[in-house]
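**Q** After the structure tokens below, expect a handful of questions from me.
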């Protein structure tokens, strides 16, 4: 925190917003966000190849509809790990929502609950996990953790999460080194003062513990630690290879989260949609698969599910919605995506989420 | 209809126009059309990927000519369902020609007849199907229908079509939900007052019926309904998969219309030219195949026929021609495309439409 | 010829020019040529897809050099049909050089001879074939013909060509209909008055004959006519398929000229370099193969020969050189290409033209 | 040397620089370099296809990470021919560093040594090889040679190199003819006066020898000459084919350097990363492989090693660093690349350079 730096003033409007599409609100959000905040959210790492590829890879897949199927009111609801969702889309964990809006994570949490789906609380939040849980209200919630260097601090977070009513732990494994996000430096933007961190160590035994220090040499022992100390199902987030997906199943993980961190970690990682079919083969239906990174359209949700996902996650568009309208903006983003998914299911002739299969998705014909 | 909205003033000129190519007139038409009207016509749905892909897919196909073939005056005429056409190109049904020209569908109908080919009347027209039939005059005509929610209204339309001299029914199956056409909203254009609807329910029993309500859970029972109530051959429009094409044949359809609605319905549907060869295999010559979506050049007509189409449809260029010159503009568009087809046949060494085969079309060599 | 149109004033400078590359002089020539003339030369037909593809297809081929080969002074000379050439590059026939320079075809002919290679006289020339032959001087020369509708006129041209010392006839077969070259119309450029035609019918029996009328229904009978009436070897120009190439061999043609007319005739014809390997297989070494359309670099000459060409032709760059410097400009274009070829041979480790094989050329690795 | 030409004033600042990425400093360096110098460094030959392809080819390869591997502090050090390096990245030989900085090759040499890696001295240097060796100090150094036409001059250079403490000879084989670098001519930039040549012949027997004359007809006899006269290991630089790589092994070469001269020699040579796997197969582990041309990111280093390289070379970015900060700038470039490599190894889950294998690298999934 640089005492001399100018304060960061995030938007604070709470209002209904009109979401034409999840792509459009990026441009709208850019107008209301301070440049550093916008590029912190929008940017990726390195050359941003993976960031672009996440969306470009969908353009290599077409949807082959089944007309005259007799479908009239497709049902987009689904369940995952016992939670009933209004749509197969959840809120991916992202750090520091205070860059997007004065309401911070409480706004995304409320908006997600209002949309009837699942909120995944980031551990690197500006608010505490307890305050965020309160904002989620009766909605479904999971807690994401970066495994800290000190196991005592890990234990504290896992136990707080359990106590706050989170029903699953999401362990992120693709961030044992910071990704080289270069946008701000290239644009000459100065980082603002730190916006506060909501999950500082509480136990006296952890006094002076630096919460930024993460464990680098993660293994499945740390997965087991999370399982044991939280007593909750554990999902591994960051899976990009069939081998790791299979190992997650073997080690009793409750879910496999296919992600490249939205193109923010290792640039030149593959697009998630590109590796999904092989991962689904490796998992073989033994655990639910969550996929994020690049989902912007109802057709993307449909294609990801068709290729093996149970549920997809979205990230940046939620922060844009938050910036533009607070919790109502977040809800509107989810509702727009849900409407596009319903439209896609209707036009493709699919009555329910479980019936979206690879029959409907194929590589763009190159004839 | 917003009573306070500014009136929509469509072009009304009736004149000969010089069509350099069907691509060029898009730019010319943009200059004479009100922005909402132009983008209503030109736009597609979602990210407009399918809209672009419809044309881009042709760039992956080359024509391999047969020189020294002894051909001198290629014959572009053909017949379909008993109608003799001056070229294997017909007018695809499009809604509300009043956006393009004050003459509405009568202009496109007259221009199409003048060009010697077949007009497919849209059910969502600004003029009535009877007025449009009169404008077609002695020319060939089919009637396109969106199957309404009320079967009585469906029956009324089918019987009116039969009575008005239409010789086939085209049942559109790819529009059981509105496509998310986003251009106007993105551009901030306000929809004008409604331009009027020509086929409102007439029977007292249908009083108060909302003509916009379409049946969503279409099946082949509805195809049979069309066949029975009209007593006319029925063509299914919107076929994108071999399975549906084969089912159309099984259910006695008189034709299979391969279309993605010009990229206006389910974005990320495949380009029609990309799926055509597999569909032609499935149909196996048991029914004529019509293809539209992306046809802009005589070479496109040639390639589509080479890959299995009997006849192709064109859409937007006709509305551009209409905007620029009324019925004469429409005729000029057809004549330009016909001239390009004749040139292509001459240069490729093909004497007649039935001799255009896959021998002349192949994937661009990637050597 | 429009008597009221403004006169067309072509450049007339005669000077040495510095050719950095054959691509660069296009931009330089654009500055000195009247717009109609420049676009007449530079343009292609239709969407100019084939025009672009002719060059783009080379970017899909890499040269795999053979270093440490001991080569020190590669020999770029070759022979074709008995003519010894300073390089395996000849002047493709192009119509109406008067658009490029006041010296018309005499300039390109002189420059080509000065460069030590072969001139192919176009029949649609502004000067007469006899005047052009005189300009060629002692250099090698062939005569290109568009077969006219009247066989008497064909005979006259063939016999004049023989008498003027031309040593082979090049019969163009890909132009039985005019290609739809649209540039001038799109740009709103008006055609200038006709620049004169050098090969008008001379025999009284042909009085009133329209020299623009070409025979459309060409067959191998017309090839035989050319062979018989000229007594010269006949090369068929415009071959794009293996079948036609094989038939040329069967019918005793002296050469197979692979060309798509520089992208000026049937748009969406394949790039010549893409079809060359299959054609070379079909010819099986039984006739020399000439290839043009898209050659701009020494590496292009090298790759074309590597894939089966005996000699390549260049077109537009010669007219740009002519526009910039008259005959000296034409010579400079040839010399630049020759220097690039020698550099390519040296770096690739190939001592002579006959040793350039497919061992050195392969598809760009897509690894 | 043109006595009348304006003097060339290269940058001369010595300072720490902030290297966001190796791509970014190109833009920064352009601002401080005289245009001729910048384009001399940045440009390639011909159409610069190979220049672009060198980087583009990496975009066709993804990194498939191995998360939960337990790696915490990846070791980027390696050894090559007995030299211990701080990272598997060395300084590729480039001519005339005086274009970049007043410190000339001494700056790049010092910066490379400071970064703890290996400097390859170019024979076409502005300083003498002895002065450069002194600047390298205790660091590892090799000497690159263009084999001169006069074997006596070759012998002199080889013996001077040995005497100056160079531990290997790098014989460049891809430059027996100058590449057609066209940028300066296209931009109308005039070459400045010659900046001096550091390795002029010294022996009286070589008086009057033109040092620019290189031997064109190189063979493995010349490789043997280098081996014999220097008594040092010899590495062949410029290998692009498996055949030549295998021959190098057979002829006792100490290393195989895969390079296309940074796209500065034969344009349309393949990207080095594209040919590397086949070359690695041919070498079969019998000699170390160095690869350069297009390496700009830690991920590129990682992918090149994964596909078979032992060490990679970088070129232009070093001259940009030199221009911006002298030796400190060069060191900063190396350190940035090393940091990116360490980050990549950590995220990919690889503990040491020898464990980077093809398991981590695959073609971009085209699904």
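The values are calculated or read from the model by the stated rules, or taken from the named source; none is laboratory data. Bear in mind the structure is a predicted one, so any value in this text is a computation, not a measurement. Note that each Cβ is placed from the backbone with ideal geometry, even for glycine, and that neighbours are counted across all protein chains shown.
**Q** Of the conditions (1) touching a residue at least 40 places away in the same chain (Cβ under 8 Å); (2) assigned to a helix (DSSP H, G or I); (3) surrounded by 24 or more Cβ atoms within 10 Å (Cβ to Cβ), residue D:276 clears all except one; give me its number.
**A** The number of the failed condition is (1).
**Q** Still on this model: Report yes if some residue within the stretch A:5-17 is surrounded by 20 or more Cβ atoms within 10 Å (Cβ to Cβ) and under 24 Å from residue A:298 (Cα atoms); otherwise report no.
**A** Scanning the stretch A:5-17, I find at least one residue that is surrounded by 20 or more Cβ atoms within 10 Å (Cβ to Cβ) and under 24 Å from residue A:298 (Cα atoms), so the answer is yes.
**Q** Name the residues in the stretch B:279-304 that are in a helix (DSSP H, G or I), more than 14 Å from chain C (Cβ to nearest Cβ) and either in contact with a strand residue (DSSP E or B) (Cβ under 7 Å, 6 or more places away or on another chain) or under 20 Å from residue B:111 (Cβ atoms) (or both), would you?
**A** B:279, B:280, B:283
**Q** Among the residues of the stretch D:39-85, how many are more than 9 Å from every other protein chain (Cβ to nearest Cβ), surrounded by fewer than 18 Cβ atoms within 10 Å (Cβ to Cβ) and either in contact with a strand residue (DSSP E or B) (Cβ under 7 Å, 6 or more places away or on another chain) or without any contact (Cβ under 8 Å) to a residue 60 or more places away in the chain (or both)?
**A** Total meeting the criteria: 4.
**Q** Just to check your reading of the model, which residue among A:243, A:221 is at pLDDT 95 or above and over 28 Å from residue A:161 (Cβ atoms)?
**A** Of A:243, A:221, the one residue that is at pLDDT 95 or above and over 28 Å from residue A:161 (Cβ atoms) is A:243.
**Q** Where in the stretch C:122-216 are there helices (runs of 4 or more DSSP H), lying fully within it, with 1 or more residues that are within 14 Å of chain B (Cβ to nearest Cβ)?
**A** Per the criteria, C:183-187.
**Q** Just to be sure, is residue D:326 without any contact (Cβ under 8 Å) to a residue 60 or more places away in the chain, more than 24 Å from residue A:48 (Cα to Cα) and out of contact with any strand residue (DSSP E or B) (no Cβ under 9 Å at 6 or more places or on another chain)?
**A** no
**Q** Continuing with this model, one more query. Pick from A:9, A:71, A:32, A:19: which is at pLDDT 95 or above, out of contact with any helix residue (DSSP H, G or I) (no Cβ under 6 Å at 6 or more places or on another chain) and over 26 Å from residue A:129 (Cα atoms)?
**A** Within the list A:9, A:71, A:32, A:19, the selection yields A:71.
**Q** Go through the stretch A:201-217 and give me each residue that's closer than 20 Å to residue A:105 by Cβ and surrounded by 12 or more Cβ atoms within 10 Å (Cβ to Cβ).
**A** Answer for the stretch A:201-217, where residues must be closer than 20 Å to residue A:105 by Cβ and surrounded by 12 or more Cβ atoms within 10 Å (Cβ to Cβ): A:201, A:202, A:211, A:214.
**Q** Could you please tell me which pairs satisfy a Cβ distance under 6 Å, a separation of 6+ or placement on different chains, a first residue in the stretch B:199-218 that is in contact (Cβ under 8 Å) with a residue 40 or more places away in the chain, and a second residue that is in a strand (DSSP E or B) and surrounded by 12 or more Cβ atoms within 10 Å (Cβ to Cβ)?
**A** Partner pairs satisfying both residue conditions: B:214/B:148.
**Q** Something else: Answer yes or no as to whether residue C:335 is out of contact with any helix residue (DSSP H, G or I) (no Cβ under 8 Å at 6 or more places or on another chain) and either away from chain D (no Cβ under 14 Å) or in a helix (DSSP H, G or I) (or both).
**A** Against the criterion (out of contact with any helix residue (DSSP H, G or I) (no Cβ under 8 Å at 6 or more places or on another chain) and either away from chain D (no Cβ under 14 Å) or in a helix (DSSP H, G or I) (or both)), residue C:335 qualifies.
**Q** Another question, then. Restricting to the stretch C:338-367, name every residue that is in a helix (DSSP H, G or I), away from chain D (no Cβ under 11 Å) and touching a residue at least 24 places away in the same chain (Cβ under 8 Å).
**A** Scanning the stretch C:338-367 gives C:338, C:341, C:353, C:354, C:358.
**Q** Does residue B:26 satisfy the condition of being away from chain C (no Cβ under 13 Å) and farther than 19 Å from residue B:304 by Cα?
**A** Taking the combined requirement at face value, the residue does not satisfy it.
**Q** Against the conditions (1) crowded, with 24+ Cβ neighbours inside 10 Å; (2) away from chain A (no Cβ under 14 Å); (3) under 12 Å from residue D:88 (Cα atoms), where does residue D:319 fall short? Just the number, please.
**A** Failed condition: (3).
Conditions tested, residue by residue: (1) at positive phi; (2) within 12 Å of another protein chain (Cβ to nearest Cβ); (3) at pLDDT 95 or above.
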position	(1), (2), (3)
C:230	no, no, yes
C:238	yes, yes, yes
C:247	no, yes, yes
C:267	no, yes, yes
C:276	no, yes, yes
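**Q** A further question on this structure: Could you please let me know if residue B:120 is buried (at least 20 other Cβ atoms within 10 Å of the Cβ), within 30 Å of residue C:220 (Cα to Cα), in contact (Cβ under 8 Å) with a residue 60 or more places away in the chain and out of contact with any helix residue (DSSP H, G or I) (no Cβ under 7 Å at 6 or more places or on another chain)?
**A** Answer is no for this residue.
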